[in-house]
There are 4 protein chains.
Amino acid sequence: MRTSTRITAYFGPRGTFTEQAARAFTADAELVALPTIPDTIAAVRAGTAEFACVPLENSVEGAVSATMDTLAAAEPVIAVAEHVLPIRFSLLVRPGTDAADVRTVASHPHALAQVRGWLAANLPSAAERAATSTAAAAVAVLEGQFDAAITAPVAVEHYPLTVLATDIADRTDAVTRFLLLSKSGALPAPTGADRTSVIVVVEHRPGELAAMLTELALHGINLSRIESRPLAGRVGEYRFYLDFDGHIQEQRVGDALAALHRRSQDVRFLGSYAKADCVDSAVPAGVTDQDYDDSAAWLAGLRAGER
Amino acid sequence: MRTSTRITAYFGPRGTFTEQAARAFTADAELVALPTIPDTIAAVRAGTAEFACVPLENSVEGAVSATMDTLAAAEPVIAVAEHVLPIRFSLLVRPGTDAADVRTVASHPHALAQVRGWLAANLPSAAERAATSTAAAAVAVLEGQFDAAITAPVAVEHYPLTVLATDIADRTDAVTRFLLLSKSGALPAPTGADRTSVIVVVEHRPGELAAMLTELALHGINLSRIESRPLAGRVGEYRFYLDFDGHIQEQRVGDALAALHRRSQDVRFLGSYAKADCVDSAVPAGVTDQDYDDSAAWLAGLRAGER
Amino acid sequence: MRTSTRITAYFGPRGTFTEQAARAFTADAELVALPTIPDTIAAVRAGTAEFACVPLENSVEGAVSATMDTLAAAEPVIAVAEHVLPIRFSLLVRPGTDAADVRTVASHPHALAQVRGWLAANLPSAAERAATSTAAAAVAVLEGQFDAAITAPVAVEHYPLTVLATDIADRTDAVTRFLLLSKSGALPAPTGADRTSVIVVVEHRPGELAAMLTELALHGINLSRIESRPLAGRVGEYRFYLDFDGHIQEQRVGDALAALHRRSQDVRFLGSYAKADCVDSAVPAGVTDQDYDDSAAWLAGLRAGER
Amino acid sequence: MRTSTRITAYFGPRGTFTEQAARAFTADAELVALPTIPDTIAAVRAGTAEFACVPLENSVEGAVSATMDTLAAAEPVIAVAEHVLPIRFSLLVRPGTDAADVRTVASHPHALAQVRGWLAANLPSAAERAATSTAAAAVAVLEGQFDAAITAPVAVEHYPLTVLATDIADRTDAVTRFLLLSKSGALPAPTGADRTSVIVVVEHRPGELAAMLTELALHGINLSRIESRPLAGRVGEYRFYLDFDGHIQEQRVGDALAALHRRSQDVRFLGSYAKADCVDSAVPAGVTDQDYDDSAAWLAGLRAGER
């Protein structure tokens, strides 16, 4: 299996933002594009790839449900890194095409939606055409189906097309967060600027979620993302995706996770990994590892009969 | 403006699930399809439509960020009804086309993703093609671009196509929740089985969200959905979308909303409306309207000097 | 009943700390000493006195259970003022008696306990003798039963005795807190430095008291005293005496009291009155009266259909 | 030190309720009466007694501040047992004295207060006289100073007096709770019906005590007693005495104690011991030792890289 350890699967096709993220994660790995997010994660579960790169959330489109749902089911995999990619779009055409020649512009509907203002201002007479991905739009342009494609900047490295315009997104602050997933091996070491992700199933009764978040709060843990999803076939239960600051190797985080585990029928650890922003987590007074060591020593002494 | 009161704008094009939902909401209104979710909501804000029908969340694809983000900004509108539509797909072809003739199947990429298993089993050699919507796929089939379209069942009422197969979704439990939005007028009356939606901006510090959810819990309020989104340009603050049982005219709900309002820089009421499932909200002992009346009378008496 | 409005009953006998406190409360009222705390409070309930002065807690001896229990039962009375008296003791003898002549020293056992160090150092050969009160000790000295009495400084104003020593308490920081009770009439106006006292009966299950204190905390209310007492004959229920900063006329306090009222089978308001220390209560951001007015106006607008 | 292990010091004098409790605790130990509660506890600290028996709270008089304050300061000692003694009073006279002969009745003022109704009904013309303890009253009767003494039933075993009446307390449900204190050695083994006592110093800010009680509540711990005392010389800090169900050897209790230790500048363990009522503590689902073992194993597995 030596070879497989050098492979990073990513949600393809080639030439998309996910490929850009996969390259950012693993400069020297062999990259393999797979057609769906479940396929990509399945490759890690099956051991045919060591890592999988998938999108988790987009600041414009929101959470990527396929990633969350695939992580929630079947064999656990964990995130070992995150990458936040600014979403920039390029307009690609066949060599020799001018703006005046562009009558059709193709892309994934989400990408079209994010450049609609630019298109209205710059190519007001061009018609929008859908593609299954930004890269598929590039291929279709290459094949002559459409005149221009809205793509990730990386696409131009894969297809013999020309960049007619770049940075054309209506919003310049859009980002997508990607995770690098792995099945086995050691956890990433704590860096002091880490994030932990979990999925927890919560009984649907007043106060139960509040109690869980209070557990986190009492451990000085700062939530950075929460998302609920109803559970098919299980009335009155919800699944929550939580991201929070800290690393499972920190005592406050481990202690809080153990508390969630006691309260929930089902809690799944999705990993502790360095935050993309590298901003150190603030650890409030009273919940540092030293505080935990002190209180554990105090308790052990009392239990042993020391006064 | 008499005419406008009879218009319901919906996120088009015609022939989609959103049109199906819009019909379910307002049997006698004139329906107008608009090209984007922001356009649809803007029509209500501008008064050119009395109601707007938009999707809020899909059990497979997750939350519809465009709806949430458009509701969060600009002039407030409120939800006056919700509708939960089972997501069923049909395969439409031009009259005379057989399954054996289908070499290309078009739809919105999300729809294609939801019938991929059926396609693999039933049309293994057909190639997927993207469209900007399920209805656009139907139009493209009509125009001869593709052989078949994956659409909402309602599409066949708009286009002279034939249903080659129906109920072809891989998951039979997929649903989409739609909201009917309005700008003005009275709130829907409480039914005993109501839901309230709010957007609240929360400072990003340990315990602040837990404190807010504890407010809800202490008022006996049952959360049914929560979703966080980072706020562009406001580091350390998050926006939360909350759905919970109860109606703003109930005292426990009004009291809890007022508490959120005091804690947050920004809380936006998105409406109280009958739940699609019509299941009465459980009101725990101690937080019924009678309990609130009793405690208010007790407090007023004490303040007036009664013992 | 004109006369009765000028009468303050106090827990006697004359010449005790309680008389000192009663004088501090009501310079111009007629003071009447009654033999027990229940008798004193009963006088207010019966209308034979307008006010009653009773001790509530002593920094050395702790809470005065008779006061708490009498306040908890029967017709409600409320505290309209508090007074904190530094506990100083004098040694009284008959004129002509020298320290060398003192062979017996009488006082209430609690008072004897508080000057034991001084007696050991200054009158090592004197024997302790009990009296039912510090004033009764003075009377007994006057009658020749004992040689010296440990009394409140005020006692010398009532009995023709001589002060042999004063400020003889072993601890110089001891204080007793007294309440001035009333049955009827308006509440004292808020001063900004107020205290509110309540008795609340709490079901004895995990989290119920924590929930009540969380209600106070979420209203920004600072607890300054809590004391539980089991309820005779009601297994699994406890009565709690709470003192906290703020005045019932403040909205945060009224709102918190109403919340306690909804949670408890039984909550009794014991008054809002100026704190003896005159230190303004800190009102955290978000729970000022202005914040309450703002949130109430916001809620009322929403309920009326404003957006 | 063989001898000292056989000695139980108790707060005397002989013939009081505390002696009764001391006998109930330690049938075969040598009992030594000491004059004050601090003296009694000091004997254990000094090793001159193995155990100390002191009152902690009385259902009529409330908490015994001297016990709480002495436990809070200096070298820690812990409670190894509790005993709840029904408070019954006897009326003792010299042999030959009839009820008609009783003109003075002596006792500790607290005891007099608890039989006042009986005295009024049965000895209406007898005058009350104070003594420093119920036993001192018996001695004074023996010496002829007074005609009758209100005492603990045990007193008649020490003094050649006659029981003129017994069970004369106005309330028949009064009880006093006593603790048996020890300095060293193993903790009592858990019985399933245990109580744990702690003293914790809490910063005086809104929500801090609520947070501590929430820690207990989240660990499924049921509080049975709470009492605050201001801290002399430390403005804005309070000391709380807490009793709750469970034993420090239980994981939920140990974990909660460690959490208190992290939050507080100062927490003192006062012991885990069998409850006098022998009623098993209810351990809610999710916080049994098995739940703790499971969550700890789960956490350790995750940290070790298991999935």
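Every number in this text was worked out from the coordinates using simple rules, so none of it is lab data. No experiment lies behind these values; they were computed from the predicted model shown. Counting neighbours? That spans all protein chains shown, and the Cβs are built from the backbone with ideal geometry, glycine included.
Quick look at the values:
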| quantity | calculated |
| --- | --- |
| Cut-off under 5 Å, modelled amide H: who pairs with A:ALA165 long-range | A:LEU91 |
| Karplus-derived 3J(HN,Hα), 6.51/-1.76/1.60, for each residue of the range B:220-230, Hz, glycine and proline x | x, 9, 9, 6, 10, 6, 9, 8, 9, 9, x |
| Ordering of D:102-114, C:158-170, B:186-198 by packing [mean C-beta count within 10 Å, highest first] | D:102-114, B:186-198, C:158-170 |
| Dipole magnitude (debye, nearest 20) for the range D:186-307, charges at Cβ of Lys, Arg, Asp, Glu | 500 |
| Residues whose placed amide H lies under 5 Å from that of A:GLU128, excluding near-sequence neighbours | A:VAL105 |
| For residues of A:287-295, the mean tally of beta carbons on other chains within 10 Å | 3 |
| Low-density loop positions, GluC sites (Glu not before Pro), the range C:229-307 - DSSP coil, at most 15 other Cβ in 10 Å | C:GLU306 |
| Cα gyration tensor shape of the range B:1-87, rounded if a/c is under 1.5, else prolate or oblate by comparing a/b with b/c | oblate |
| Built amide H within the under 5 Å cut-off of A:ASP194, gap 5+ | A:GLY246, A:LYS275, A:SER281 |
| Helix-only CD estimate at 222 nm, as mean residue ellipticity for the protein assembly as shown, using -39500 (n - 2.57) per DSSP H run (n ≥ 4) | -8500 deg cm²/dmol |
| Average other protein chain Cβ within 10 Å of Cβ, residues A:101-110 | 2 |
| Cβ-based net charge around A:SER197, under 10 Å, with every Lys or Arg adding one and every Asp or Glu removing one | +1 |
| Computed magnitude of the charge dipole of chain A (debye, nearest 20; Cβ of K, R +1, Cβ of D, E -1) | 560 |
| Sum of side-chain charges, A:ALA66 neighbourhood, beta-carbon under 14 Å (Lys, Arg +1; Asp, Glu -1) | -4 |
| Peptide C:50-61, shielding by other chains (average Cβ, 10 Å cutoff) | 2 |
| Exam field: B:ASP39 pseudo-label spacings to other copies (7 Å along Cα-Cβ), nanometres | 3.3, 9.0, 9.5 |
| Rule-of-thumb Rg ratio for the range A:186-307 [Cα; 2.2 N^0.38 Å; N residues] | 1.17 |
| Whichever lysines have a C-alpha closer than 20 Å to that of B:LYS183, once near sequence neighbours (fewer than 8 apart) are set aside | B:LYS275 |
| Total charge dipole magnitude, the range C:8-161, about the Cα centre, Cβ charges on Lys, Arg, Asp, Glu only, Debye to nearest 20 | 340 |
| Estimated FRET transfer efficiency (B:ASN122, B:THR36; beta-carbon r; R0 30 Å; 0.05) | 0.35 |
| Cα centroid of the range A:68-93 to Cα centroid of the range D:232-307, whole Å | 40 |
| Other-copy label distances relative to D:ALA27, 7 angstrom Cα-Cβ extension, nm | 6.7, 8.1, 8.5 |
| Backbone HN-Hα couplings from phi across the range B:146-163 [Karplus 6.51/-1.76/1.60, Hz, Gly and Pro as x] | 10, 8, 8, 10, 8, 9, 5, x, 5, 4, 5, 6, 9, 10, x, 10, 10, 7 |
| At R0 = 30 Å, FRET efficiency that the Cβ-Cβ distance of D:ASP266 and D:ALA186 yields, to 0.05 | 0.75 |
| Estimated vicinal HN-Hα couplings, Hz - the range D:102-112 in sequence order (Karplus 6.51, -1.76, 1.60; Gly, Pro = x) | 7, 9, 10, 10, 10, 5, 4, x, 4, 5, 4 |
| Cβ-vector label at 7 Å, A:GLU157, separations to other copies in nm | 5.0, 9.2, 9.3 |
